[in-house]
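The values are calculated or read from the model by the stated rules, or taken from the named source; none is laboratory data. Every value quoted in this text rests on a predicted model; they were computed, and no experiment measured them. Ligands, DNA and RNA are excluded from the accessible area calculation, which covers all protein heavy atoms including side chains. Shrake-Rupley method; radii C 1.70, N 1.55, O 1.52, S 1.80 Å.
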Amino acid sequence: MTAELTGLSIAALRDGYAKKSFSPVEVVDAYVAAVDGAKALNAYVATTPDRARADAKASEERISAGTARPLEGIPLGIKDLFATEGVHTQAASHILDGFKPFYESTITARLFGDGATMLGKLNMDEFAMGSSNETSFYGPVVNPWRAGGGSSNAALVPGGSSGGSSAAVAANLCAGATATDTGGSIRQPAAFTGTVGIKPTYGRCSRWGTVAFASSLDQAGPIARTVRDAAIMLRSMAGFDPKDSTSADIPVPDYEAAIGRGMKGKRIGIPKEYRVDGMPEEIEALWAKGRAMLADAGAELVDISLPHTKYALPAYYIVAPAEASSNLARYDGVRYGLRVPGRDVISMYENTRAAGFGTEVKRRIMIGTYVLSAGYYDAYYLRAQKVRTLIKRDFETVFADGIDAILTPATPSSAFGVGEMSKASPIEMYLNDIFTVTANMAGLPAMAVPAGLDGRQLPLGLQLIGRPFEEETLFAAAQVIEDAAGTFSPKRWW
Ligand code: GLN
């Protein structure tokens, strides 16, 4: 029974609670046991079982009283990037040692306000910088998937930066998880673990109380086991927040209602620039399969061109570090977390930052301060911003031509080995984001949905990119793919 409970989708939990088939306390107990038994995955950096049990009791009463809220009794994992009042919040960094915020992020406040509870904080790349969850101060997260359907012993990465979120969802260590995406950190980990992830339109979800990486790109979203679960979660997470000046005052639709709308009358663009050199044949084949699934559901497939795609990755790796270097200036040993003393205040800053930040974060700060420096601002930062406008225009042009959504592969490969890319050059790692960064640069909603397994029996995902604030089209299309491809879960070995 216990393992069965943790295997249920959010939608199934909601139905089961309504029918009184089981209670939130039983479900939380099952999850707490599952989390305890999965230390080998290193998905959680802090757990809050007592709070989850207390919340579950309160949810039980609400369900009995007939006053259940949309996420009543749903146990979630929360990425360590979200400020949670009184609970460990360190963005998986040493520099935030011991930081427990006295405020709650808007995203978590909304989820908890809708009845969800928290099992704990999830591991991630330090300050959300990475594609493999290997830059965490707490060490790498291990993907619950293994090659050969579990026959290999080699540890794989769960993607990043939301690697704790993707691993925990795939391994049934929470019913769903919060995540964030600055250049692909929801979609790439979802693709690597056979889970569903959506980065909504920039402005859809409040950034208030989420540790900032690159403010013009950062967006929160859910990672879940099914398209429907992602829709349920996003509905609670999204919405206007006066505390975030970039938050959009646009009504949030019932995303769940979009599921099952099918693809009749929809025009799906297939961008030729995503057919990159050296792309494995399996990815190409998966993409073709996805096209067939959408066409079978009534979509019209249209070849399109997004000519500036090839500049997106280099431009992203200027804009994101520039904003990061500015955002991370606040970690100085005075206000938060770690302080390493020095002979004066300047050396205290230096000592704290030298000891508190990991290598990747330091690299980004150095690139960022360089491209923003007086002599290089025009040549790098300003030019990257211009490229960003061109990328955005490419999308605007195809949408003006009547394209409703765009289908691409989510990643150029399936999950790679722990250590495999981090030991190569950072550029190799950055290339992982080749299909995902464009949506962040243009502020568009984008979703990853599992669509099949590769020859190593590892999950592969497809990406759907939509028009601004039209996440519903993505949910409808993703459900078509899920219906055709099925859902995927790893064989338990941990
Ligand atoms: N992998 C990308 C980076 O390292 C994206 C990270 C993210 O989306 N947070 O910047």
Quiz item: Using a ≥ b ≥ c from the Cα gyration tensor of the stretch 187-331 (square roots of the eigenvalues), is it rounded, prolate or oblate, where a/c under 1.5 gives rounded and otherwise the larger of a/b and b/c decides, a/b for prolate?
Solution: oblate
Quiz item: Rounded, prolate or oblate: which fits the stretch 77-123 when a ≥ b ≥ c are the square roots of the eigenvalues of the alpha-carbon gyration tensor, with rounded for a/c under 1.5 and prolate only if a/b beats b/c?
Solution: prolate
Quiz item: Whose amide H sits under 5 Å from the amide H of Val45, counting only residues 5 or more places off or on another chain, with H placed in the peptide plane?
Solution: Lys121, Leu122, Asn123
Quiz item: Rounded to the nearest whole Å², what accessible area per residue is found for the stretch 59-214 with the 1.4 Å probe?
Solution: 21
Self-check item: Note, ³J(HN,Hα) from phi for the stretch 225-238, Karplus 6.51, -1.76, 1.60, rounded to Hz, x at Gly and Pro
Solution: 8, 9, 4, 4, 4, 5, 5, 4, 5, 4, 4, 6, 6, 7
Exercise. Kindly write out, for the stretch 352-361 in residue order, the coupling ³J(HN,Hα) from the Karplus curve 6.51 cos²θ - 1.76 cosθ + 1.60 (θ = phi - 60°), rounded to whole Hz, with x marking Gly and Pro.
Key: 5, 5, 5, 7, x, 9, x, 4, 5, 5
Quiz prompt | ³J(HN,Hα) computed for each position of the stretch 438-452 - Karplus, 6.51 cos²θ - 1.76 cosθ + 1.60, integer Hz, glycine/proline x | solution = 4, 5, 5, 4, 9, x, 8, x, 8, 9, 10, 9, x, 10, x
Practice problem: Using a 1.4 angstrom probe, figure out how much accessible area the stretch 221-348 has per residue, in square angstrom, rounded to the nearest whole. | Solution: 46
Quiz item: At a 1.4 Å probe, what is the % contribution of carbon and sulfur to the accessible area of the chain?
Solution: 54
Quiz item: So what is the relative contact order for the chain, in percent, with contacts set as C-alpha pairs under 8 Å and at least six apart?
Solution: 18
Quiz item: Once amide H atoms are built 1.01 Å from N in the peptide plane, which residues 5 or more positions from Leu306, or in another chain, come under 5 Å H to H?
Solution: Lys272, Glu273
Quiz item: Rank Lys19, Lys243 by accessible area, highest first, at a 1.4 Å probe radius?
Solution: Lys19, Lys243
Quiz item: Once you sort the root eigenvalues of the Cα gyration tensor of the stretch 370-494 as a ≥ b ≥ c, which label holds: rounded (a/c under 1.5), prolate (a/b larger than b/c) or oblate (the other case)?
Solution: oblate
Self-check item: Kirkwood Rh, angstrom, the stretch 340-383 [1 / mean 1/r, Cα pairs]
Solution: 11.8
Practice problem: Taking amide H positions as placed in the peptide plane 1.01 Å from N, state which residues far from Gly130 in sequence (5 or more) or on other chains have amide H under 5 Å from it. | Solution: Ser161
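Counting helices only, and only those DSSP H runs with n ≥ 4, report the 222 nm mean residue ellipticity of the chain as the sum of -39,500 (n - 2.57) divided by its residues, in deg cm²/dmol to the nearest 500.
Helix contribution divided over all residues of the chain: -11000 deg cm²/dmol.
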Quiz prompt | Intensity falloff of the stretch 286-405 expressed as log10 I(q)/I(0), Debye formula with alpha-carbon point scatterers, at q = 0.19, 0.20, 0.22 Å⁻¹ | solution = -1.00, -1.05, -1.15
